[in-house]
Amino acid sequence: QVQLVESGGGLVQPGGSLRLSCSASGSIFKVNGMGWYRQAPGRQRELVAEITEGEGTIYADSVKGRFTISRDIAKHTVYLQMNSLKPDDTAVYYCRAEIIRRDLWEFSSWGQGTQVTVSS
(Lines give C-alpha, C1' and ligand atoms only; values in the text may rest on other atoms or scores of the structure.)
Protein backbone atom coordinates (compact mmCIF):
# COMPACT_ATOMS: atom_id res chain seq x y z
CA GLN A 1 0.00 0.00 0.00
CA VAL A 2 2.82 2.40 0.94
CA GLN A 3 6.40 1.94 -0.15
CA LEU A 4 9.65 3.75 0.63
CA VAL A 5 12.57 3.49 -1.76
CA GLU A 6 16.06 4.74 -0.93
CA SER A 7 18.79 5.60 -3.39
CA GLY A 8 22.17 7.30 -3.51
CA GLY A 9 24.34 4.97 -1.50
CA GLY A 10 27.72 3.83 -2.67
CA LEU A 11 31.44 3.71 -2.01
CA VAL A 12 33.30 6.92 -1.21
CA GLN A 13 36.67 7.84 0.21
CA PRO A 14 37.00 9.41 3.65
CA GLY A 15 36.19 13.09 3.39
CA GLY A 16 33.89 12.54 0.46
CA SER A 17 30.19 13.21 0.09
CA LEU A 18 27.02 11.37 -0.78
CA ARG A 19 23.41 12.43 -1.11
CA LEU A 20 20.73 9.92 -0.19
CA SER A 21 17.15 10.16 -1.35
CA CYS A 22 14.03 8.40 -0.17
CA SER A 23 10.61 8.66 -1.76
CA ALA A 24 7.33 7.41 -0.38
CA SER A 25 4.58 6.31 -2.70
CA GLY A 26 1.22 4.65 -2.52
CA SER A 27 -2.04 5.41 -0.80
CA ILE A 28 -0.79 8.46 1.06
CA PHE A 29 -2.85 11.25 2.51
CA LYS A 30 0.00 12.96 4.29
CA VAL A 31 3.56 12.29 5.40
CA ASN A 32 4.44 13.69 8.78
CA GLY A 33 7.94 13.09 10.09
CA MET A 34 10.62 11.45 7.98
CA GLY A 35 14.03 10.30 9.00
CA TRP A 36 17.18 8.37 8.35
CA TYR A 37 18.55 5.56 10.45
CA ARG A 38 21.62 3.42 9.99
CA GLN A 39 22.92 0.06 11.06
CA ALA A 40 26.63 -0.65 10.98
CA PRO A 41 28.18 -4.12 11.18
CA GLY A 42 27.94 -5.44 14.71
CA ARG A 43 25.87 -2.48 15.89
CA GLN A 44 22.20 -1.79 16.42
CA ARG A 45 20.18 0.50 14.23
CA GLU A 46 20.46 4.12 15.32
CA LEU A 47 18.86 7.43 14.50
CA VAL A 48 20.86 9.60 12.12
CA ALA A 49 18.48 12.48 11.47
CA GLU A 50 14.79 13.28 11.46
CA ILE A 51 12.76 16.09 9.94
CA THR A 52 9.20 17.16 10.63
CA GLU A 53 6.59 18.50 8.24
CA GLY A 54 7.53 21.94 9.53
CA GLU A 55 11.17 21.13 8.72
CA GLY A 56 12.35 21.01 12.28
CA THR A 57 15.34 18.70 12.49
CA ILE A 58 17.05 16.35 14.90
CA TYR A 59 20.55 14.98 14.38
CA ALA A 60 22.64 12.38 16.09
CA ASP A 61 25.61 13.98 17.79
CA SER A 62 27.96 11.95 15.62
CA VAL A 63 26.74 13.59 12.41
CA LYS A 64 26.02 17.17 13.48
CA GLY A 65 27.82 19.65 11.29
CA ARG A 66 28.44 17.06 8.59
CA PHE A 67 25.00 15.79 7.55
CA THR A 68 21.97 17.79 6.49
CA ILE A 69 18.46 16.40 6.23
CA SER A 70 15.87 18.07 4.03
CA ARG A 71 12.60 17.19 2.37
CA ASP A 72 10.26 17.95 -0.48
CA ILE A 73 6.85 17.65 1.11
CA ALA A 74 4.95 17.65 -2.17
CA LYS A 75 7.08 14.81 -3.51
CA HIS A 76 7.00 12.80 -0.26
CA THR A 77 10.77 12.73 -0.46
CA VAL A 78 13.48 13.12 2.14
CA TYR A 79 17.17 13.69 1.48
CA LEU A 80 20.33 13.27 3.47
CA GLN A 81 23.36 15.23 2.34
CA MET A 82 26.41 13.60 3.88
CA ASN A 83 29.70 15.51 3.84
CA SER A 84 33.08 14.84 5.39
CA LEU A 85 32.30 11.17 5.51
CA LYS A 86 34.23 8.96 7.89
CA PRO A 87 34.80 5.21 7.91
CA ASP A 88 32.56 5.04 10.98
CA ASP A 89 29.69 6.26 8.79
CA THR A 90 29.79 2.95 6.94
CA ALA A 91 26.39 1.34 7.40
CA VAL A 92 23.15 0.45 5.75
CA TYR A 93 21.02 3.57 5.79
CA TYR A 94 17.27 3.18 6.19
CA CYS A 95 14.55 5.68 5.48
CA ARG A 96 11.54 5.99 7.75
CA ALA A 97 8.33 7.92 7.25
CA GLU A 98 5.35 8.54 9.46
CA ILE A 99 2.47 8.00 7.08
CA ILE A 100 -1.15 9.00 7.25
CA ARG A 101 -2.85 6.81 4.70
CA ARG A 102 -5.85 7.94 2.70
CA ASP A 103 -8.08 5.99 5.04
CA LEU A 104 -6.44 8.02 7.84
CA TRP A 105 -4.56 5.07 9.26
CA GLU A 106 -1.32 6.37 10.75
CA PHE A 107 1.77 4.19 10.83
CA SER A 108 5.51 4.13 10.33
CA SER A 109 6.93 2.79 7.08
CA TRP A 110 10.52 1.69 6.47
CA GLY A 111 12.62 1.42 3.35
CA GLN A 112 14.78 -1.56 2.54
CA GLY A 113 18.04 0.31 3.03
CA THR A 114 20.94 1.55 0.94
CA GLN A 115 24.58 0.70 1.59
CA VAL A 116 27.05 3.47 2.35
CA THR A 117 30.69 2.45 2.49
CA VAL A 118 33.44 4.91 3.39
CA SER A 119 36.85 3.48 2.72
CA SER A 120 40.17 4.21 1.07
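The values are calculated or read from the model by the stated rules, or taken from the named source; none is laboratory data. All values reported here derive from a predicted model rather than from experimental measurement. All Cβ positions, even for glycine, are placed from backbone atoms using ideal geometry, and neighbour counts span all protein chains on display. Remember, those area values only see protein heavy atoms, side chains included, never the ligands or the DNA or RNA. Shrake-Rupley method; radii C 1.70, N 1.55, O 1.52, S 1.80 Å.
Structural remarks
- For E50, the solvent-accessible surface computed with a 1.4 Å probe is close to 50 Å², ligands and nucleic acids excluded.
- Ignoring lysines fewer than eight residues from K64 along the same chain, the ones with Cα atoms less than 27 angstrom from its Cα are K75, K86.
- Radius 11 Å from Cβ of S21, net charge of other residues (Lys, Arg +1; Asp, Glu -1): +1
- Ligands, DNA and RNA left out, the 1.4 Å accessible surface of the stretch 45-120 is 46% carbon and sulfur atoms.
- Computed over the chain with a Gaussian network model linking Cα atoms closer than 10 Å, the most mobile of R102, R71, R19 is R102.
- Candidates S70, S23, S108: whichever shows maximal mean-square fluctuation once the chain is modelled as a Gaussian network with Cα springs under 10 Å: S108
- Near V118: Cβ cut-off under 9 Å, other residues only, Lys/Arg at +1 and Asp/Glu at -1. The net charge is -1.
- Extending 7 Å from the Cα toward the beta-carbon at both N32 and Q1 defines two label points whose distance is 1.6 nm.
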